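Contents: one structure, followed by commentary.
The values are calculated or read from the model by the stated rules, or taken from the named source; none is laboratory data. Predicted, not measured: the structure shown is a model, and the values here were computed from it. Glycine gets a Cβ as well: all are built from the backbone with ideal geometry, and neighbour counts include every protein chain shown.
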Amino acid sequence: MRLVHAGGPTGLLGIGVGGSLWALSVAGQAPRRLASELDPESRIATGHGRIAARTARGGLWVWEDERAITLASAGLALHAGLLVLPLAVVAVVNEGAGNAVTARHRVARFEPEQGATWREVARSQEAVLPDARPIQVDLDGRGDGGHIAVLAGPDDRRYAHAVLGDGIEATRVLWLERHGLQTLRSLTLPAPHVFEDIEPRPVQVHAQMPQARVAAGLLTVRSGPEGGQLALVTADLTQPQGLRLAALGDTVGGFHRWLAPTTQGRHLVAVHTPHIGGVLHVYRLEGQRLSRRRLMADVSTHAIGSRETDLAAWVEDRLVLPSQDGRLLRVLDPAADWAELFTVALPGRATMTAALADGSGVAVLLADGRVVRVGA
(Lines give C-alpha, C1' and ligand atoms only; values in the text may rest on other atoms or scores of the structure.)
Protein backbone atom coordinates (compact mmCIF):
# COMPACT_ATOMS: atom_id res chain seq x y z
CA MET A 1 0.00 0.00 0.00
CA ARG A 2 0.98 3.62 -0.58
CA LEU A 3 -1.61 5.18 1.72
CA VAL A 4 -4.43 4.18 4.06
CA HIS A 5 -7.66 5.96 4.95
CA ALA A 6 -10.38 5.19 7.48
CA GLY A 7 -13.70 4.86 5.66
CA GLY A 8 -15.38 3.05 2.78
CA PRO A 9 -17.51 -0.09 2.78
CA THR A 10 -15.26 -2.05 5.15
CA GLY A 11 -14.07 0.84 7.30
CA LEU A 12 -10.55 0.95 5.85
CA LEU A 13 -9.25 1.84 2.39
CA GLY A 14 -5.80 1.62 0.86
CA ILE A 15 -4.24 2.76 -2.41
CA GLY A 16 -1.43 0.59 -3.73
CA VAL A 17 1.75 1.92 -5.28
CA GLY A 18 0.30 1.15 -8.73
CA GLY A 19 -2.87 3.18 -8.14
CA SER A 20 -5.36 0.43 -7.24
CA LEU A 21 -7.90 1.26 -4.55
CA TRP A 22 -8.68 -1.53 -2.08
CA ALA A 23 -11.30 -2.00 0.60
CA LEU A 24 -9.27 -3.60 3.38
CA SER A 25 -10.82 -5.84 5.99
CA VAL A 26 -9.93 -5.09 9.61
CA ALA A 27 -11.12 -8.62 10.42
CA GLY A 28 -8.50 -10.24 8.22
CA GLN A 29 -10.70 -11.15 5.25
CA ALA A 30 -9.54 -10.85 1.67
CA PRO A 31 -9.22 -7.28 0.36
CA ARG A 32 -11.58 -6.10 -2.40
CA ARG A 33 -10.36 -3.99 -5.29
CA LEU A 34 -12.64 -1.04 -6.05
CA ALA A 35 -10.67 0.84 -8.74
CA SER A 36 -7.43 1.13 -10.67
CA GLU A 37 -5.42 3.95 -12.27
CA LEU A 38 -5.85 6.31 -9.33
CA ASP A 39 -3.13 8.66 -8.12
CA PRO A 40 -1.23 7.04 -5.24
CA GLU A 41 0.37 10.39 -4.30
CA SER A 42 -2.90 12.21 -3.50
CA ARG A 43 -5.15 11.65 -0.51
CA ILE A 44 -8.62 10.19 -0.87
CA ALA A 45 -11.74 11.37 0.96
CA THR A 46 -14.90 9.70 2.20
CA GLY A 47 -18.25 10.74 3.59
CA HIS A 48 -22.00 10.66 2.98
CA GLY A 49 -21.73 7.25 1.30
CA ARG A 50 -19.08 8.35 -1.20
CA ILE A 51 -15.39 7.85 -1.87
CA ALA A 52 -13.57 10.56 -3.86
CA ALA A 53 -10.09 10.32 -5.37
CA ARG A 54 -7.82 11.83 -7.99
CA THR A 55 -7.06 9.71 -11.04
CA ALA A 56 -3.52 9.33 -12.31
CA ARG A 57 -4.33 11.89 -15.04
CA GLY A 58 -5.96 14.45 -12.76
CA GLY A 59 -9.58 13.43 -13.15
CA LEU A 60 -12.17 13.26 -10.39
CA TRP A 61 -13.20 9.71 -9.46
CA VAL A 62 -16.28 9.20 -7.25
CA TRP A 63 -17.62 5.88 -5.95
CA GLU A 64 -21.20 5.70 -4.69
CA ASP A 65 -23.84 2.95 -4.46
CA GLU A 66 -21.35 0.36 -5.78
CA ARG A 67 -20.80 2.43 -8.93
CA ALA A 68 -17.83 4.59 -9.97
CA ILE A 69 -18.01 7.73 -12.10
CA THR A 70 -14.99 9.61 -13.48
CA LEU A 71 -14.84 13.22 -14.66
CA ALA A 72 -11.64 13.05 -16.67
CA SER A 73 -11.52 16.78 -17.38
CA ALA A 74 -11.59 17.91 -13.73
CA GLY A 75 -7.94 19.02 -13.66
CA LEU A 76 -7.34 18.16 -10.02
CA ALA A 77 -4.04 19.31 -8.52
CA LEU A 78 -1.40 16.76 -7.59
CA HIS A 79 -0.98 16.18 -3.81
CA ALA A 80 -4.00 18.32 -2.88
CA GLY A 81 -6.85 17.20 -0.68
CA LEU A 82 -10.50 16.40 -1.37
CA LEU A 83 -13.55 17.07 0.77
CA VAL A 84 -16.85 15.18 0.47
CA LEU A 85 -19.96 17.21 1.31
CA PRO A 86 -23.57 15.92 1.38
CA LEU A 87 -24.29 17.19 -2.15
CA ALA A 88 -20.84 17.81 -3.61
CA VAL A 89 -17.10 17.16 -3.68
CA VAL A 90 -14.70 20.05 -3.06
CA ALA A 91 -11.22 19.84 -4.59
CA VAL A 92 -8.21 21.92 -5.63
CA VAL A 93 -7.80 22.41 -9.39
CA ASN A 94 -4.83 23.54 -11.47
CA GLU A 95 -5.75 26.35 -13.85
CA GLY A 96 -2.85 26.02 -16.25
CA ALA A 97 0.78 25.44 -17.08
CA GLY A 98 3.66 26.84 -15.10
CA ASN A 99 5.27 26.21 -11.77
CA ALA A 100 3.26 25.62 -8.64
CA VAL A 101 3.07 29.35 -7.87
CA THR A 102 2.32 30.75 -11.34
CA ALA A 103 -0.06 27.95 -12.34
CA ARG A 104 -2.77 29.40 -10.06
CA HIS A 105 -4.60 26.78 -8.09
CA ARG A 106 -8.18 27.31 -7.05
CA VAL A 107 -10.82 25.54 -4.95
CA ALA A 108 -13.62 24.01 -7.05
CA ARG A 109 -17.00 22.49 -6.22
CA PHE A 110 -18.26 19.49 -8.19
CA GLU A 111 -21.83 18.18 -8.12
CA PRO A 112 -23.47 15.07 -9.62
CA GLU A 113 -25.65 15.45 -12.69
CA GLN A 114 -28.33 13.26 -14.14
CA GLY A 115 -26.85 10.96 -16.73
CA ALA A 116 -24.16 9.44 -14.50
CA THR A 117 -21.65 12.28 -14.54
CA TRP A 118 -20.25 15.09 -12.42
CA ARG A 119 -19.66 18.73 -13.32
CA GLU A 120 -17.87 21.73 -11.85
CA VAL A 121 -20.36 24.30 -10.58
CA ALA A 122 -18.20 26.87 -8.77
CA ARG A 123 -14.59 27.98 -8.45
CA SER A 124 -12.87 30.32 -6.00
CA GLN A 125 -11.41 33.60 -7.20
CA GLU A 126 -8.29 33.55 -5.04
CA ALA A 127 -5.25 31.31 -5.39
CA VAL A 128 -4.64 28.57 -2.81
CA LEU A 129 -1.69 26.33 -2.04
CA PRO A 130 -1.11 23.76 -4.81
CA ASP A 131 -1.25 20.98 -2.20
CA ALA A 132 -3.91 22.55 0.02
CA ARG A 133 -6.35 20.35 1.92
CA PRO A 134 -9.72 22.10 2.31
CA ILE A 135 -11.76 21.40 5.44
CA GLN A 136 -15.30 22.24 6.54
CA VAL A 137 -15.62 24.28 9.73
CA ASP A 138 -18.21 26.55 11.39
CA LEU A 139 -16.12 29.61 12.26
CA ASP A 140 -19.09 31.94 12.82
CA GLY A 141 -21.16 29.60 14.97
CA ARG A 142 -24.02 29.70 12.50
CA GLY A 143 -24.97 26.08 13.09
CA ASP A 144 -25.30 25.47 9.36
CA GLY A 145 -22.62 22.81 9.02
CA GLY A 146 -19.88 25.29 8.28
CA HIS A 147 -17.98 26.44 5.22
CA ILE A 148 -14.60 25.79 3.59
CA ALA A 149 -11.32 26.78 5.24
CA VAL A 150 -8.19 26.53 3.10
CA LEU A 151 -4.61 27.80 3.19
CA ALA A 152 -3.93 30.23 0.37
CA GLY A 153 -1.66 33.00 -0.89
CA PRO A 154 1.12 30.71 -2.18
CA ASP A 155 4.61 32.22 -1.83
CA ASP A 156 7.99 30.66 -2.62
CA ARG A 157 10.27 33.48 -1.41
CA ARG A 158 9.44 34.41 2.17
CA TYR A 159 10.47 31.20 3.92
CA ALA A 160 12.57 28.71 1.97
CA HIS A 161 12.34 25.66 4.20
CA ALA A 162 10.56 22.99 2.11
CA VAL A 163 9.89 20.77 5.10
CA LEU A 164 6.46 19.79 3.70
CA GLY A 165 7.47 18.64 0.25
CA ASP A 166 8.13 21.90 -1.59
CA GLY A 167 9.27 25.48 -1.01
CA ILE A 168 5.81 27.02 -1.37
CA GLU A 169 4.16 28.30 1.81
CA ALA A 170 0.81 29.92 2.56
CA THR A 171 0.47 33.58 3.47
CA ARG A 172 -3.33 33.58 3.83
CA VAL A 173 -6.26 31.67 5.31
CA LEU A 174 -9.54 31.79 3.40
CA TRP A 175 -13.00 30.82 4.60
CA LEU A 176 -15.13 30.18 1.51
CA GLU A 177 -18.89 29.83 1.21
CA ARG A 178 -19.36 26.14 0.49
CA HIS A 179 -21.77 26.53 -2.46
CA GLY A 180 -20.45 29.44 -4.55
CA LEU A 181 -16.94 29.50 -2.98
CA GLN A 182 -17.03 33.26 -2.43
CA THR A 183 -14.71 34.50 0.31
CA LEU A 184 -16.60 34.97 3.60
CA ARG A 185 -13.59 35.75 5.78
CA SER A 186 -9.82 35.91 5.30
CA LEU A 187 -6.54 36.61 7.07
CA THR A 188 -3.29 37.71 5.42
CA LEU A 189 0.05 37.46 7.21
CA PRO A 190 2.47 40.35 6.74
CA ALA A 191 6.00 39.50 5.60
CA PRO A 192 8.18 37.78 6.64
CA HIS A 193 5.76 35.28 8.22
CA VAL A 194 4.00 32.33 6.55
CA PHE A 195 1.66 29.54 7.52
CA GLU A 196 3.99 26.54 7.29
CA ASP A 197 1.21 24.03 6.88
CA ILE A 198 -1.11 22.54 4.25
CA GLU A 199 -4.20 21.70 6.32
CA PRO A 200 -5.62 23.74 9.20
CA ARG A 201 -7.19 21.70 12.00
CA PRO A 202 -10.63 22.57 13.42
CA VAL A 203 -10.77 23.02 17.19
CA GLN A 204 -13.62 23.79 19.57
CA VAL A 205 -12.99 27.33 20.73
CA HIS A 206 -15.42 26.99 23.65
CA ALA A 207 -13.19 24.25 25.04
CA GLN A 208 -10.32 26.78 25.11
CA MET A 209 -12.26 30.00 25.83
CA PRO A 210 -15.58 29.42 27.65
CA GLN A 211 -16.50 33.07 27.08
CA ALA A 212 -15.94 32.88 23.32
CA ARG A 213 -18.73 34.00 21.00
CA VAL A 214 -17.54 31.84 18.10
CA ALA A 215 -17.92 28.09 17.82
CA ALA A 216 -14.69 26.93 16.25
CA GLY A 217 -11.18 27.95 15.33
CA LEU A 218 -8.26 26.67 13.28
CA LEU A 219 -5.02 25.26 14.64
CA THR A 220 -2.01 25.78 12.39
CA VAL A 221 1.68 26.81 12.34
CA ARG A 222 3.03 30.32 11.79
CA SER A 223 6.72 30.45 10.85
CA GLY A 224 9.21 33.27 10.44
CA PRO A 225 12.76 34.36 11.30
CA GLU A 226 12.53 32.84 14.78
CA GLY A 227 11.07 29.54 13.60
CA GLY A 228 7.64 27.97 13.91
CA GLN A 229 4.98 28.57 16.54
CA LEU A 230 1.54 27.15 17.19
CA ALA A 231 -1.24 29.50 16.04
CA LEU A 232 -4.97 29.66 16.72
CA VAL A 233 -7.06 31.44 14.07
CA THR A 234 -10.66 32.47 14.73
CA ALA A 235 -13.32 34.70 13.21
CA ASP A 236 -12.77 38.38 13.94
CA LEU A 237 -16.20 39.50 15.14
CA THR A 238 -15.16 43.16 14.85
CA GLN A 239 -14.55 42.72 11.11
CA PRO A 240 -17.42 41.27 9.02
CA GLN A 241 -14.98 39.58 6.61
CA GLY A 242 -12.01 39.12 8.89
CA LEU A 243 -10.15 36.29 10.58
CA ARG A 244 -7.62 36.95 13.32
CA LEU A 245 -4.67 35.36 15.06
CA ALA A 246 -6.42 34.78 18.37
CA ALA A 247 -3.37 33.30 20.09
CA LEU A 248 0.22 32.28 19.47
CA GLY A 249 2.63 29.96 21.22
CA ASP A 250 6.30 30.67 21.73
CA THR A 251 8.61 29.85 18.84
CA VAL A 252 10.32 26.47 18.99
CA GLY A 253 13.91 27.56 18.92
CA GLY A 254 15.30 29.24 15.82
CA PHE A 255 15.05 29.74 12.08
CA HIS A 256 13.74 26.66 10.21
CA ARG A 257 12.68 24.93 13.43
CA TRP A 258 9.18 23.50 12.98
CA LEU A 259 6.46 21.83 15.02
CA ALA A 260 3.77 19.33 13.98
CA PRO A 261 0.35 19.96 15.58
CA THR A 262 -2.28 17.34 16.33
CA THR A 263 -5.74 17.66 17.87
CA GLN A 264 -9.03 15.85 18.16
CA GLY A 265 -10.78 19.19 18.47
CA ARG A 266 -10.31 19.82 22.20
CA HIS A 267 -6.72 19.09 23.20
CA LEU A 268 -4.01 21.21 21.57
CA VAL A 269 -0.84 19.16 21.15
CA ALA A 270 2.33 19.52 19.05
CA VAL A 271 5.59 17.68 18.49
CA HIS A 272 8.45 20.15 18.46
CA THR A 273 11.26 19.47 15.97
CA PRO A 274 9.85 16.06 14.94
CA HIS A 275 12.87 15.40 12.69
CA ILE A 276 15.56 16.08 15.31
CA GLY A 277 14.62 14.74 18.72
CA GLY A 278 10.85 15.03 18.66
CA VAL A 279 9.50 16.46 21.94
CA LEU A 280 5.78 16.31 22.67
CA HIS A 281 4.08 19.36 24.22
CA VAL A 282 0.52 20.09 25.31
CA TYR A 283 -0.80 23.65 25.00
CA ARG A 284 -3.33 25.70 26.93
CA LEU A 285 -4.91 29.00 25.94
CA GLU A 286 -4.12 31.86 28.32
CA GLY A 287 -5.47 35.11 26.92
CA GLN A 288 -3.73 35.68 23.60
CA ARG A 289 -0.96 33.23 24.43
CA LEU A 290 -0.76 29.49 23.96
CA SER A 291 1.30 28.29 26.92
CA ARG A 292 2.96 24.92 26.65
CA ARG A 293 4.08 22.05 28.85
CA ARG A 294 6.67 19.45 27.91
CA LEU A 295 5.40 15.86 28.06
CA MET A 296 8.03 13.54 26.60
CA ALA A 297 10.80 13.13 24.04
CA ASP A 298 11.46 10.37 21.47
CA VAL A 299 8.33 10.94 19.39
CA SER A 300 7.73 12.03 15.80
CA THR A 301 4.58 12.66 13.77
CA HIS A 302 6.22 13.82 10.54
CA ALA A 303 9.03 12.77 8.18
CA ILE A 304 10.95 15.62 6.61
CA GLY A 305 9.77 16.39 3.10
CA SER A 306 6.49 14.51 3.54
CA ARG A 307 3.00 15.96 3.10
CA GLU A 308 1.67 13.64 5.81
CA THR A 309 1.78 16.29 8.50
CA ASP A 310 0.23 14.25 11.31
CA LEU A 311 1.12 10.61 11.98
CA ALA A 312 -0.75 10.72 15.29
CA ALA A 313 -4.19 9.16 15.79
CA TRP A 314 -6.88 9.73 18.42
CA VAL A 315 -8.73 6.64 19.61
CA GLU A 316 -11.42 6.96 22.28
CA ASP A 317 -9.83 10.27 23.35
CA ARG A 318 -6.40 8.69 23.73
CA LEU A 319 -3.42 9.96 21.76
CA VAL A 320 -1.50 7.37 19.75
CA LEU A 321 1.74 8.47 18.09
CA PRO A 322 4.98 6.91 16.81
CA SER A 323 8.35 7.01 18.48
CA GLN A 324 11.18 8.96 16.86
CA ASP A 325 12.28 5.95 14.79
CA GLY A 326 8.68 5.03 13.94
CA ARG A 327 8.95 1.49 15.31
CA LEU A 328 6.89 1.98 18.47
CA LEU A 329 3.42 3.34 19.05
CA ARG A 330 3.06 5.31 22.27
CA VAL A 331 -0.41 5.54 23.84
CA LEU A 332 -1.12 8.52 26.12
CA ASP A 333 -4.20 9.30 28.20
CA PRO A 334 -5.07 13.02 28.57
CA ALA A 335 -7.49 12.16 31.40
CA ALA A 336 -4.58 10.76 33.43
CA ASP A 337 -2.43 13.89 33.03
CA TRP A 338 -1.02 12.54 29.76
CA ALA A 339 0.42 9.41 31.31
CA GLU A 340 1.87 6.90 28.88
CA LEU A 341 -0.36 3.83 29.25
CA PHE A 342 1.71 1.44 27.14
CA THR A 343 3.72 1.08 23.96
CA VAL A 344 3.25 -1.26 21.01
CA ALA A 345 6.20 -2.55 19.00
CA LEU A 346 5.67 -2.44 15.23
CA PRO A 347 7.15 -4.86 12.67
CA GLY A 348 8.45 -1.90 10.66
CA ARG A 349 8.58 1.89 10.55
CA ALA A 350 5.25 3.72 10.63
CA THR A 351 4.64 6.15 7.74
CA MET A 352 0.89 6.77 8.15
CA THR A 353 -1.88 6.03 10.62
CA ALA A 354 -5.68 5.93 10.43
CA ALA A 355 -7.93 5.73 13.48
CA LEU A 356 -10.74 3.29 12.70
CA ALA A 357 -14.16 4.91 12.88
CA ASP A 358 -15.63 2.23 15.17
CA GLY A 359 -12.99 2.95 17.82
CA SER A 360 -11.53 -0.55 17.56
CA GLY A 361 -7.98 0.62 17.00
CA VAL A 362 -5.52 2.10 14.53
CA ALA A 363 -4.40 0.99 11.08
CA VAL A 364 -0.70 1.66 10.55
CA LEU A 365 0.99 1.82 7.16
CA LEU A 366 4.61 0.65 7.33
CA ALA A 367 7.49 1.82 5.17
CA ASP A 368 7.57 -1.51 3.31
CA GLY A 369 3.91 -1.15 2.25
CA ARG A 370 2.35 -3.49 4.78
CA VAL A 371 -0.69 -2.45 6.78
CA VAL A 372 -1.06 -3.62 10.37
CA ARG A 373 -3.96 -3.15 12.78
CA VAL A 374 -3.33 -2.28 16.39
CA GLY A 375 -6.34 -2.96 18.61
CA ALA A 376 -7.67 -0.39 21.04
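Can you pull out every residue in the range 337-365 that is among the polar types (S, T, N, Q) and in a strand (DSSP E or B)? Walk me through it before giving the result.
Residues of the range 337-365 among the polar types (S, T, N, Q): 343, 351, 353, 360.
Across the range 337-365, the qualifying residues are THR343, THR351, THR353.
Which numbered condition trips up GLY361, out of (1) within 22 Å of the chain's Cα centre (by Cα); (2) outside the structural domain of THR263 (by TED's automatic domain parsing); (3) without any contact (Cβ under 8 Å) to a residue 40 or more places away in the chain?
(3)
In the range 335-364, what residues are more than 20 Å from GLN264 (Cβ to Cβ) and buried (at least 18 other Cβ atoms within 10 Å of the Cβ)?
If the condition is that a residue be more than 20 Å from GLN264 (Cβ to Cβ) and buried (at least 18 other Cβ atoms within 10 Å of the Cβ), then LEU346, THR351 are the ones that fit.
So which strands (runs of 3 or more DSSP E) are wholly in the range 217-270 and hold at least 1 residues that are among the polar types (S, T, N, Q) and either at positive phi or touching a Phe, Trp or Tyr at 6+ places or on another chain (Cβ under 9 Å) (or both)? Steps first, answer last, please.
Details: elements: 227-236, 242-249, 259-262.
Once the strands (runs of 3 or more DSSP E) in the range 217-270 are filtered for at least 1 residues that are among the polar types (S, T, N, Q) and either at positive phi or touching a Phe, Trp or Tyr at 6+ places or on another chain (Cβ under 9 Å) (or both), what remains is 259-262.
Considering (1) surrounded by 14 or more Cβ atoms within 10 Å (Cβ to Cβ); (2) small (Gly, Ala, Ser); (3) out of contact with any His (no Cβ under 6 Å at 6 or more places or on another chain), say which one ALA77 fails and leave the rest.
Going through the list (1) surrounded by 14 or more Cβ atoms within 10 Å (Cβ to Cβ); (2) small (Gly, Ala, Ser); (3) out of contact with any His (no Cβ under 6 Å at 6 or more places or on another chain), ALA77 breaks only (3).
Select, from LEU311, LEU332, the only residue that is surrounded by 22 or more Cβ atoms within 10 Å (Cβ to Cβ) and touching a His at 6+ places or on another chain (Cβ under 7 Å).
Selected residue: LEU311, the only one of LEU311, LEU332 that is surrounded by 22 or more Cβ atoms within 10 Å (Cβ to Cβ) and touching a His at 6+ places or on another chain (Cβ under 7 Å).
Filter the range 274-299 down to the residues that are assigned to a loop (DSSP other than H, G, I, E, B) and buried (at least 21 other Cβ atoms within 10 Å of the Cβ) and list them by number.
Residues satisfying the conditions are PRO274, GLY278.
Residues checked against (1) of a type in the set (Gly, Ala, Ser); (2) within 15 Å of the chain's Cα centre (by Cα):
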{"position": "SER124", "(1), (2)": "yes, no"}
{"position": "ILE135", "(1), (2)": "no, yes"}
{"position": "LEU151", "(1), (2)": "no, yes"}
{"position": "GLU177", "(1), (2)": "no, no"}
{"position": "SER186", "(1), (2)": "yes, no"}
{"position": "ASP197", "(1), (2)": "no, yes"}
{"position": "LEU218", "(1), (2)": "no, yes"}
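Being surrounded by fewer than 24 Cβ atoms within 10 Å (Cβ to Cβ) and not small (Gly, Ala, Ser) is the filter here; which residues of the range 233-242 pass it?
Residues of the range 233-242 surrounded by fewer than 24 Cβ atoms within 10 Å (Cβ to Cβ): 236-242.
Residues satisfying the conditions are ASP236, LEU237, THR238, GLN239, PRO240, GLN241.
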